[in-house]
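Following: one structure in C-alpha cells, then a few remarks.
Please treat every number below as a calculation from the coordinates, not as lab data. Just so it is clear, the structure is predicted and the values come from calculations on it, not from any experiment. Cβ coordinates were reconstructed from backbone atoms using ideal geometry, including for glycine residues, and neighbour counts include every protein chain displayed.
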Amino acid sequence: MNRVLRLGVNIDHVATIRNARGGLHPDPVRAAKLAADSGADGITAHLREDRRHIADEDIGRLIQAVSLPLNLEMAATPEMVVVALRHKPHAVCIVPERREERTTEGGLDVVRYRENLRPMVAALVGAGIRVSMFVEPDLRQIDAAKDVGAPVVELHTGAYCDAVGDQHERQLARVVAAAAHAETLGLECHAGHGLTFDTVLPIAAIPTITELNIGHFLIGEAIFIGLEAAIRQMRRLMAEARA
Ligand code: PXP
C-alpha cells in the first residue's frame with residue numbers, strides 16, 4: 001500500500017550553531033516555524049544528555065510556538081523519560097547515545113536492552129506519546145521493538161547513505177526488507193539519518209515508509225540555498241519517488 005510520506009525536519013544543528021557562540025542566534029524555534037511554512041510535516045529535535053545542541057528550554061518553546069507535531073529524540077534514561085512526560089510531545093524516538101559520538105552512530109540494541117526499555121515504552125505510550133525505536137534495518141531488532149510495545153520503528157539509513165559500490169544496493173535491500181518486515185508486524189515505519197538529495201529517492205520510494213526525518217543535510221544546504229528552498233526541494237524529491 002502506498003501511504004502518505006511525511007517529512008520531519010530535524011533542527012538540532014541550528015542549535016549547534018547557536019551554541020557555538022552561546023547566545024540566542026540562530027534560534028531553532030525560528031527555523032522550525034520556517035520549516036512549517038516550507039512544507040515540513042513535523043519537527044524533530046534530539047535532547048542529548050550533554051545538551052550539545054537542543055537545550056531543555058527549546059523543547060517547551062518548540063511545542064508552544066510551532067504548529068507542527070514535535071518528535072523528541074532521546075536516550076532511554078530515567079532523566080529523559082521525566083522530560084518527555086513533562087512536555088508530552090506528539091512523539092518520542094528512542095535512540096542510543098554515547099557521549100563521545102559525533103552523531104547517533106547506530107541503531108538502538110532493543111534485543112539486548114529489551115527489559116529496560118519495556119517499562120519506559122509503557123510509561124510513554126500510557127501518556128499518549130507515539131513511541132518509535134531507532135533501529136538498524138535488522139529483523140531481530142524490529143521483532144524486539146514490537147515485543148517491547150513500540151508502535152513505530154525508525155530505520156537507521158546511515159549505512160545505506162554511506163555505502164559505496166555494490167554495498168549501496170546491498171544496504172538498500174536491507175532497508176527494503178526491514179520495512180516489509182515492520183509492515184507484517186503491523187508497525188508504522190519511519191526512516192532517517194544521513195539522507196540527502198542524492199540518497200533520498202530509493203528510500204522515499206518504499207511505499208510503506210510513512211515518515212523521513214532529515215536534519216544535517218537540510219541545515220547544511222540552507223547555507224547555500226536557504227532553508228525554505230532546501231526543504232521544498234527535499235519534499236519535491238520525496239513526492240517524485242512516490243509518484
Ligand atoms: N533520525 C534519528 C533517530 C536521528 O537520531 C537523526 C540524527 O539526529 C536523524 C533521524 C537525522 O539524521 P541527519 O541529521 O543525518 O539527517
Go through (1) touching a residue at least 60 places away in the same chain (Cβ under 8 Å); (2) closer than 22 Å to residue 53 by Cα one by one and return the number of the condition residue 217 breaks.
(1)
Out of the residues in region 1-22 that are outside any helix (DSSP H, G or I) and within 14 Å of the chain's Cα centre (by Cα), state the one that is farthest from the ligand (Cβ to nearest atom).
5
Selection over region 151-209 where residues are among the hydroxyl-bearing types (Ser, Thr, Tyr), away from the ligand (no atom under 11 Å from the Cβ) and buried (at least 16 other Cβ atoms within 10 Å of the Cβ) yields a count of 2
Which numbered condition trips up residue 25, out of (1) surrounded by fewer than 19 Cβ atoms within 10 Å (Cβ to Cβ); (2) within 16 Å of the ligand (Cβ to nearest atom); (3) without any contact (Cβ under 8 Å) to a residue 60 or more places away in the chain; (4) not hydroxyl-bearing (Ser, Thr, Tyr)?
(2)
Within region 212-235, restricting to residues that are outside any helix (DSSP H, G or I) and closer than 18 Å to residue 30 by Cα, the one that is farthest from the ligand (Cβ to nearest atom) is 226
How many residues does region 95-113 hold that are touching a helix residue (DSSP H, G or I) at 6+ places or on another chain (Cβ under 7 Å) and either hydrophobic (A, V, I, L, M, F, W, C) or surrounded by fewer than 14 Cβ atoms within 10 Å (Cβ to Cβ) (or both)?
2
